[in-house]
Amino acid sequence: SPPTCVANEARSLNLFSTTPLIHSAPLSRLCHPHPVYLKLDLLQPSGSFKDRGMAHLCTTVQKMHNTASNSGDRTDRMKVISSSGGDAGLAVTTI
């Protein structure tokens, strides 16, 4: 499925939080005439923007797992292992 569809599905499943955009007056002045907005993904449960990417990954893996189960190739468990002990690893555990 197209990336947009998977991202919309992850969003509809509430796998990550909706975070606000705030206008940055100092950066907007610096980039005049273009306004600059900052996305506050630090408000995600893991404190990082990586929740969005991990939600996308987990949704994709779940779809693959479901497809395999329909073809008889499925194991009973699905696992996602992150080699990161940082933000990406924390994002996997929080979504």
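The values are calculated or read from the model by the stated rules, or taken from the named source; none is laboratory data. Nothing here was measured: the structure is a model prediction, and the numbers come from that model. No Cβ is skipped: glycine too gets one built from the backbone with ideal geometry, and neighbour counts run over all protein chains shown. Heavy atoms of the whole protein, side chains included, go into the accessibility calculation; ligands, DNA and RNA do not. Shrake-Rupley method; radii C 1.70, N 1.55, O 1.52, S 1.80 Å.
Observations
- Rounded percent of accessible protein surface that carbon and sulfur make up, the range 1-62, 1.4 Å probe: 67 percent
- Packing around the peptides 51-60, 14-23, taken as the average count of other Cβ atoms within 10 Å per residue, puts them in this order, highest first: 51-60, 14-23.
- For residue 39, the lysines whose Cα falls under 26 Å of its own Cα, not counting residues fewer than eight places away in the same chain, are 50.
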